[in-house]
Amino acid sequence: MSPSERPALPEALRAEFTELVRHYPERQAALIPALHRCQEELGGWLTPETLEACAEFFGLEPVEVFGVASFYPMFHLRPVGRHVVGVCHNISCALRGAEDILRETCRVTGSKPGGVSADGRFSVVRLECQGACTAAPMLVLDGAFHENLATADVARVLGGAR
């Protein structure tokens, strides 16, 4: 089945979402957990077709769903590597060496910021503040925070994801 013939929301996810909305005061309030499930189940990123299918399911306009998905850095609107590495670049991290951490992360992974490494293993992204300012600089690897980093720590931290 080609991607254009594949339904954007498989029946199993529709059934899951039908149960999920029962736990929220309003149907639309379940959108964020539903987007997480779509991203987990449908290839690691949210296609335009998936966003449109979610809009239809939740009774929203596609632009509203896109607004939510594009606002939060945990949602990906294009393909990503198996491991996502985010480097905070806000003031505390920047003052304590975030650019060096980012450069080393790119060197170790072979990915540029906003890109995917040639082997498909890593995506590197710049993140807005992650609230770890007292432990700057930091990076997030597949959702796990690594703080108080020096450039020499980057290879060790990323080595576990290989």
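The values are calculated or read from the model by the stated rules, or taken from the named source; none is laboratory data. Owing to the predicted nature of the structure, the values given are computational and were not obtained by experimental measurement. Cβ sites come from the backbone with ideal geometry, for glycine too, and all protein chains shown count toward neighbours.
Side notes on the structure shown:
- Qualifying residue in the range 94-115 (condition: free of Cβ contacts under 8 Å to residues at least 40 places away in the same chain, out of contact with any helix residue (DSSP H, G or I) (no Cβ under 7 Å at 6 or more places or on another chain) and part of a strand (DSSP E or B)): yes
- Subset of the range 144-162 (residues that are in contact (Cβ under 8 Å) with a residue 24 or more places away in the chain and either farther than 16 Å from H89 by Cβ or in a loop (DSSP other than H, G, I, E, B) (or both)): L149, A150, A155, L158, A161, R162
- Any hit, the range 66-87, residues being of a type outside the set (A, V, I, L, M), surrounded by 14 or more Cβ atoms within 10 Å (Cβ to Cβ), out of contact with any Leu (no Cβ under 8 Å at 6 or more places or on another chain) and touching a residue at least 40 places away in the same chain (Cβ under 8 Å): yes
- Just one of the numbered conditions (1) exposed (fewer than 15 other Cβ atoms within 10 Å of the Cβ); (2) within 18 Å of L46 (Cα to Cα); (3) modelled with pLDDT of 95 or more is not true of G114: (3).
- Qualifying positions in the range 25-40 - under 14 Å from V80 (Cα atoms) and either modelled with pLDDT of 95 or more or surrounded by 14 or more Cβ atoms within 10 Å (Cβ to Cβ) (or both): Q39
- Residue among V80, V85 that alone is at pLDDT 95 or above and within 12 Å of the chain's Cα centre (by Cα): V85
- Scanning the range 50-89 for residues that are part of a helix (DSSP H, G or I) and aliphatic (A, V, I, L, M) yields L51, A53, A55, V63, V65, V68, A69.
- Among residues that are among the charged types (D, E, K, R) and crowded, with 19+ Cβ neighbours inside 10 Å, E104 is included.
- Of the residues in the range 68-82, none is of a type in the set (A, V, I, L, M, F, W, C), in contact with an Asp or Glu (Cβ under 9 Å, 6 or more places away or on another chain) and not assigned by TED's automatic domain parsing to the domain that holds D153.
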